[in-house]
Amino acid sequence: MRTASNATGPEPITPAAPRARAGLALGLLGVAGFSFTLPATRLAVADLDPWLVAFGRALIAGLLAAAYLAAVRAPLPTRAQWGRLAVVAAGVVFGFPLLTSLALVTGEAQHGAVVVALLPAATALAAVARAGERPGPLFWAAAVAGLAIVLTFTLAQSGGAVAVADVFLLGAIAACAVGYAEGGALSREIGGARTICWALIVALPLTTPIAVAGAATTGLHAGAGAWLGLAYVSVVSMFLGFFAWYAGLARGGVARVGQVQLLQPLMTFTWSGLILGEHVGPGTVLAAAGVLAAVVATQRARIATSYGQQACPPPRSSPRSPSPPRSRWSRASASRSSPPPSSSPSPTRSRA
């Protein structure tokens, strides 16, 4: 089994208890960085075009990723890994940033936090589909309950109709869940930092022209708050946060570390109230609590039904492990029990 020299190096498949605890700690660090993503995006799209924010952040993070890969002299991924990196890029570089930027043009950050609270369950679903596992009825019941709470909340907030922002947010959850699950699995092979960096490099041929065109057509006239928001989602949400997040998923498992995301809506509520001055009503808090309860049940049910396969699979024996020593009695017993070769049978001797 390989061991990593740091949190961003290649990760083994079977984490021990200390590595699982380290994975939870790294996951918490990543979620702490992600928790300000929606408020920062809200600040950015107040003055800047949402397409510019979505693809500009990917362009800036891609340039940082290129500098990092050059500094560490990272080897090129294999042909199979390039395809998986494209899946990661489609989810976390294109899908989630673009759809959340479009949603927050008209929606509030705290409202988005409640809908995005389904992301842990969606991540677990993506991990189940990728691993080919069969969760039990409790998992599906909790997943449906969480979805029902979110749909009820969004319908109540929009007066009985599904708002366009909610459709964008639900699409962002689906895209991000696939990117999380695929990136967490790939991080076991090439490391968390290199996974997000290569995904950003894969996306550069598309993010660069779109970001440049957006800047040329919509202009760059914005206040300091918008630029600070864009800087945060570029450097932390799109780049540094994934260093810790993917390393945590690789060390502790996608389902187990995914539970740390349960803290993200509460953190986002705090940022929305302190930075944006949004009022967090009792309905929002109750909806968030219901979603969190459903997600906890979902992920606990999943770990209970597939713990041995996904979270902590049994260690594989080394092909070079020496066989245990054999005593002279066992050698003698083996020689007596083994039949003689058929090609040279022993002649029968008669006693005189």
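Does GLY223 meet the test of being at pLDDT below 90 and over 27 Å from ALA80 (Cβ atoms)?
Yes.
Search the range 247-269 for residues that are closer than 15 Å to ALA113 by Cβ and pair each with any residue that is aromatic (Phe, Trp, Tyr) and at pLDDT 75 or above when their beta-carbon atoms are under 7 Å apart and the residues are at least 6 apart or on different chains.
Partner pairs satisfying both residue conditions: GLN264/PHE34.
Any residue at all in the range 45-55 that is touching a Phe, Trp or Tyr at 6+ places or on another chain (Cβ under 9 Å), surrounded by fewer than 24 Cβ atoms within 10 Å (Cβ to Cβ), closer than 28 Å to VAL280 by Cβ and touching a residue at least 40 places away in the same chain (Cβ under 8 Å)?
yes
Quick grid of which residues meet (1) among the polar types (S, T, N, Q); (2) closer than 20 Å to ALA142 by Cα; (3) part of a helix (DSSP H, G or I); (4) in contact with a Lys or Arg (Cβ under 9 Å, 6 or more places away or on another chain):
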| site | (1), (2), (3), (4) |
| --- | --- |
| GLN81 | yes, no, yes, no |
| ARG84 | no, no, yes, no |
| PRO97 | no, no, yes, yes |
| ALA122 | no, yes, yes, no |
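Could you list all residues from the range 8-59 that are in a loop (DSSP other than H, G, I, E, B) and modelled with pLDDT of 75 or more? Working first, answer last.
Residues of the range 8-59 in a loop (DSSP other than H, G, I, E, B): 8-16, 35-36, 46-49.
Correct list: SER35, PHE36, ALA46, ASP47, LEU48, ASP49.
Run GLY107 past the list (1) modelled with pLDDT of 80 or more; (2) part of a loop (DSSP other than H, G, I, E, B) and report the number of the one that doesn't hold.
Evaluating GLY107 over (1) modelled with pLDDT of 80 or more; (2) part of a loop (DSSP other than H, G, I, E, B) leaves (1) as the failure.
Would you confirm whether or not the range 78-98 contains a residue that is over 20 Å from GLY179 (Cα atoms), at pLDDT below 95 and crowded, with 21+ Cβ neighbours inside 10 Å?
No: zero hits.
Is there a residue in the range 64-75 that is touching a residue at least 12 places away in the same chain (Cβ under 8 Å) and either buried (at least 21 other Cβ atoms within 10 Å of the Cβ) or farther than 23 Å from GLY191 by Cβ (or both)?
yes
Mind telling me which of the residues ALA25, ALA71 ends up being of a type in the set (Gly, Ala, Ser) and within 23 Å of PRO265 (Cα to Cα)?
ALA25
For (1) outside any loop (DSSP other than H, G, I, E, B); (2) at pLDDT 80 or above, each residue gets a yes or a no:
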site	(1), (2)
GLY229	yes, yes
GLU278	no, no
LEU286	yes, yes
ALA297	yes, no
ALA304	yes, no
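Condition first: buried (at least 16 other Cβ atoms within 10 Å of the Cβ), at pLDDT 75 or above and of a type in the set (A, V, I, L, M). Now tell me which residues in the range 125-162 satisfy that.
LEU125, ALA126, ALA142, ALA145, ILE149
Working only within the range 202-220, note down all residues that are modelled with pLDDT of 90 or more and surrounded by 20 or more Cβ atoms within 10 Å (Cβ to Cβ).
VAL202, ALA203, THR207, ALA211
The values are calculated or read from the model by the stated rules, or taken from the named source; none is laboratory data. Note that the coordinates shown come from a computational prediction; the quantities given were computed from them, not determined experimentally. Here the Cβ is made from the backbone with ideal geometry for all residues, glycine too, and neighbour counts use every protein chain on show.
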